[in-house]
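For reference, the structure discussed in these notes is given below.
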Amino acid sequence: MKVTKTMPQVYETNALILCSGKNSAHIYQINHGSIRLIDSITPTMLDLYTDIPPEDVPPPELKGHAKTIDHSSKIERQDRLIKLIDRQLSKYTDPNIKDVFIFCPQTIHNQLLNGLTVSNKTSLTVVRLGNFVNFHPLKLLKEIEATLTDRIPA
């Protein structure tokens with residue numbers, strides 16, 4: 001998809017956009033006036049649970065209240081997602097990439113920033129908080145453009 005020249009700061013840049021939610025993420029590349037989806041990260045059940053018991057072992061007997069929630073599995077899923085994001089993001093980060101723009105929810109913001117490797121952090125320039133996973137790429141570019149124009153002194 002082409003980026004219009006009405007957004008000159010975004011049009012001239014060579015960057016990555018990481019749009020993360022609690023369960024999935026998208027990586028976009030901005031390059032030479034175009035934006036394209038280069039990776040979509042949605043962990044499968046095998047990615048989330050690597051210690052699946054063998055088929056011949058019966059499942060554990062469930063006891064207790066029906067609304068009992070195990071929060072440890074939720075944290076494990078988020079940790080696994082952050083590891084997958086870091087692995088995929090490091091694949092696409094090269095010396096030509098000037099910036100990495102990150103959109104993520106407030107709830108995983110600190111975990112995500114701590115989970116990225118140093119090479120990914122060096123090119124991180126803007127962090128926007130919120131759930132932007134299902135947003136159209138042009139809306140993401142408008143958010144980036146607004147943030148960049150706010151940073152430039154008049």
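Side notes on the structure shown:
- Residues (of a type outside the set (A, V, I, L, M), touching a strand residue (DSSP E or B) at 6+ places or on another chain (Cβ under 9 Å) and surrounded by 17 or more Cβ atoms within 10 Å (Cβ to Cβ)) located in the range 138-147: GLU143
- Applying the condition of being more than 12 Å from TYR28 (Cα to Cα) and of a type outside the set (Val, Ile, Thr) to the range 100-113 and asking which residue is surrounded by the most Cβ atoms within 10 Å (Cβ to Cβ) yields CYS104.
- Under the condition of being part of a loop (DSSP other than H, G, I, E, B) and of a type outside the set (Phe, Trp, Tyr), the residues counted in the range 126-141 number 5.
- Enumerated helices (runs of 4 or more DSSP H) restricted to the range 10-125, each holding at least 3 residues that are out of contact with any Leu (no Cβ under 6 Å at 6 or more places or on another chain) and at pLDDT below 85: 45-48, 71-92, 118-122
The values are calculated or read from the model by the stated rules, or taken from the named source; none is laboratory data. All values reported here derive from a predicted model rather than from experimental measurement. Don't worry about glycine lacking a Cβ; one is built from the backbone with ideal geometry, like all the others, and counts go over all protein chains shown.
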